[in-house]
Amino acid sequence: MDIRAGLIAVLVLAPFGGAILCAVLGAGRTVRSVIVLATGAVLIASALWLIPLVPFRLPAASFLGLNLHTLIQAADVVLLLIILYYGIKHKHLVIAALAVLQLLLTGYLEVFMLKGPLPVERVFCDHLALMMVLIISIVGSIICYQAIPYMENHEHHYHIVKSRQPRFFFVMLLFLGGMNGLVLFNDLTFIYFFFEVTTLCSFLLIGHDRTSIATQNALRALWMNSVGGSAFALGMIAAFRSTGTLDLQKILVAPWLTGSDIYLLGLALLCLAAFVKSAQFPFQSWLLGAMVAPTPVSALLHSSTMVKVGVYLALRLAPGFNGTLLSDSIAVFGAFSFLAGAALAVGQSNGKKVLAYSTISNLGLIFACTGLNSAAAMTAALLLLAFHAVVKAMLFLSVGAIEQHIASRDIEDMRGLYAVMPLTALITVAGVVMMIMPPFGVLLSKWMAMEAAANNIYVIVMVALGSALTVIYWARWAGTLMSDPFAGRFRPEHQPVLTWLALGPLCVGAGVMSVLAPWLYLRLIVPMMTSPYLPAYALKGGGLENAYGTFAVLPLSAVALLGLAAAVIALKRAFRSKIVSPYLSGIQTGEPSMCRGPMNLSFKAEAKNYYLDTIFGEARLTDWVNLGGGILLTLILGGAL
């Protein structure tokens, strides 16, 4: 067997095999842990092995002597019937109706349009697919590792007698296999099948705890993502009608088709599916509701898998709508989501909600760059895709560890956290710093995005405002974590080994990736810069340079290391310091933060952040941003016609 075909089979089927083993043999904690650890190790090794083999194409017409198209066709019908079952079971007419609609649309495509399988290069692995495979297989596996101890504590907290972990890890691993299949296959019918696999998996994971609120939010995620699935099916039909093929690469290398209304409508519908999957306004509520799930689910959905499907699909489609009104509309829509998500994040004190809105916001920026559709904008989008996945996964897992320790995910309850959870707090602060400060990759990506948007007044204004709001909520969180005075030694922090094996590599990896950003650009991004895109940056003096200036990555990294050294020195001095209570404008009582004020009444002085609810609160903004998002989506679909 061709080694490339073997690796593709392992990347897609190994998680499926591990999932089945978890369901069948995973009742015991040790056996289940071994299965998850082994599956993750196989995925990581296979993804790394793939690096020197890219790019390549494979026909992949059969598997074990069976026609692959027929297998996927049958699996797709079964999958949609399962979704229909859940719609009927929960008496949710919208879910049931959308499942029936998708069955009818895919049946019409297969029976009346295709009339049998077409010659298609089913596997297409370029550097974009490689980047996604690395994110899914490495970051996704690390999240599953951290989930092993997390779920033990989670079930203990909820007093669950009969463990649901075999089912939980079955779905988690199935998710990874589905994601790898989605990014490695080139046939739109295959991509659609794996697209719906992620929809079903997200529903099962969000509703894992089986509470009424979990079920409600899982059903919302299912019907919204079924809207995306229906849009995908319609887009697939339109693409085939205008091109006569379902080979995605052939669809996108026929530039004369951009003048066809049905062709652009097909791309617009596929982009609509992408917007839903990435929880862009007005579909953001499914992602916010997903926070009721255990935190590893949030990390998997919000950082490395589910929401990345949308931006991946848009990046794939970008050459097809380059230079059209559809492209410009997507840029404005993405910039709007970036600004709206940042504004709503400012009004949140719930740590997971801050991360969720930040995710929506950053995905909006990637869409904006995709719509700008220049080489510089695409470079910004691709780098942000990679750096955001690693840093956001680390932050979600950190919040999960913090929540299990202090029984709260509220930022205000994390004040002075470094005194009791020093290492987790410092990793969290490091993640926050990596989101907004140089020399880290997220800021590098945003610098590139702002330069690329300089000629589009609507996009640059919204990106600039969104960037300013982003600094507010991240800096506030970091300041809260490090706010209380400290003297003496830290309390020892006890975390499971697998928690450290998740947080440590993600933190170090994000830092190393940032330092190596210029070389990552040369190795991963430049090979993607083919016509109509040309490389927009040059490596010079340890930085990335273009006509507008240089982002001096290595010099800035040296400055950051000096800052770290200064912080270590300051920490050593703090060990010799003495805490002195502040004057509280009253009679000190000797108790921390307590004094007697007017009428000899005792009161406690407390510090608290402003969240500006009257300006940035959900109640104030949500209806307006949903209206704005809905109008822009209508314009996108209308403009395609």
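The values are calculated or read from the model by the stated rules, or taken from the named source; none is laboratory data. Model, not experiment: these values are computed from the prediction. Reconstructed Cβ throughout: ideal geometry from the backbone, glycine too, with neighbour counts over all protein chains shown. Note: accessible area is taken over every heavy atom of the protein model, side chains too, but ligands, DNA and RNA are not part of it. Shrake-Rupley method; radii C 1.70, N 1.55, O 1.52, S 1.80 Å.
Details
- For the range 396-426, a residue qualifies if it is among the aliphatic types (A, V, I, L, M) and open to solvent by 20 Å² or more (accessible area, probe 1.4 Å), and the qualifying residues are Ile406, Ala407, Ala419, Val420, Leu423, Leu426.
- Those residues of the range 108-139 which are more than 26 Å from Thr530 (Cβ to Cβ), touching a residue at least 24 places away in the same chain (Cβ under 8 Å) and assigned to a loop (DSSP other than H, G, I, E, B), in sequence order: Pro117
- Those helices (runs of 4 or more DSSP H) lying entirely in the range 202-304 with at least 1 residues among the basic types (Lys, Arg) and farther than 27 Å from Leu382 by Cα: 212-243
- Across the range 143-189, the qualifying residues are those that are touching a strand residue (DSSP E or B) at 6+ places or on another chain (Cβ under 9 Å) and outside any helix (DSSP H, G or I), and the one among them that is nearest to Leu317 (Cα to Cα) is Asn186.
- Any hit, the range 346-357, residues being touching a Ser or Thr at 6+ places or on another chain (Cβ under 6 Å), closer than 19 Å to Val463 by Cα and assigned to a helix (DSSP H, G or I): no
- Out of Ala342, Ala381, Ala356, one residue alone is more than 30 Å from Pro15 (Cα to Cα) and open to solvent by less than 10 Å² (accessible area, probe 1.4 Å). It is Ala342.
- Note on the range 493-537: residues that are aromatic (Phe, Trp, Tyr), part of a helix (DSSP H, G or I) and open to solvent by less than 60 Å² (accessible area, probe 1.4 Å) amount to 1.
- Test: residue in the range 477-492 that is touching a Leu at 6+ places or on another chain (Cβ under 8 Å), in a helix (DSSP H, G or I), buried (at least 22 other Cβ atoms within 10 Å of the Cβ) and not aliphatic (A, V, I, L, M): no
- Options Val42, Val31; residue that is at pLDDT 95 or above, open to solvent by 50 Å² or more (accessible area, probe 1.4 Å), in a helix (DSSP H, G or I) and not acidic (Asp, Glu): Val42
- Residue in the range 244-259 that is buried (at least 23 other Cβ atoms within 10 Å of the Cβ), of a type in the set (A, V, I, L, M, F, W, C) and in contact with an Asp or Glu (Cβ under 8 Å, 6 or more places away or on another chain) present: yes
- Answer residue from the range 589-641, given it is in a loop (DSSP other than H, G, I, E, B) and either over 30 Å from Ser483 (Cα atoms) or among the hydroxyl-bearing types (Ser, Thr, Tyr) (or both) and is least open to solvent (accessible area, probe 1.4 Å) among those: Tyr611
- Residues of the range 71-122 satisfying the condition of being within 18 Å of Gly235 (Cβ to Cβ), open to solvent by 70 Å² or more (accessible area, probe 1.4 Å) and modelled with pLDDT of 95 or more: Leu104
- Scanning the range 121-131 for residues that are closer than 14 Å to Asn186 by Cα, among the aliphatic types (A, V, I, L, M) and out of contact with any strand residue (DSSP E or B) (no Cβ under 7 Å at 6 or more places or on another chain) yields Leu128, Ala129, Leu130.
- Cβ-Cβ distances below 6 Å connect the following pairs, each with a first residue in the range 341-359 that is at negative phi, a second residue that is of a type in the set (S, T, N, Q) and part of a helix (DSSP H, G or I), and a separation of six or more residues or different chains: Gly341/Ser361; Ala342/Ser361; Ala342/Thr470; Ala345/Ser358.
- Against the conditions (1) touching a strand residue (DSSP E or B) at 6+ places or on another chain (Cβ under 9 Å); (2) in contact (Cβ under 8 Å) with a residue 12 or more places away in the chain; (3) open to solvent by 20 Å² or more (accessible area, probe 1.4 Å), Ala560 satisfies every one except (1).
- Scanning the range 139-168 for residues that are of a type in the set (A, V, I, L, M, F, W, C), out of contact with any Phe, Trp or Tyr (no Cβ under 9 Å at 6 or more places or on another chain) and open to solvent by less than 50 Å² (accessible area, probe 1.4 Å) yields a count of 4.
- Filtered by the rule that a residue be farther than 21 Å from Ile330 by Cα and touching a Ser or Thr at 6+ places or on another chain (Cβ under 7 Å), the range 273-301 gives Ala290, Met291, Leu301.
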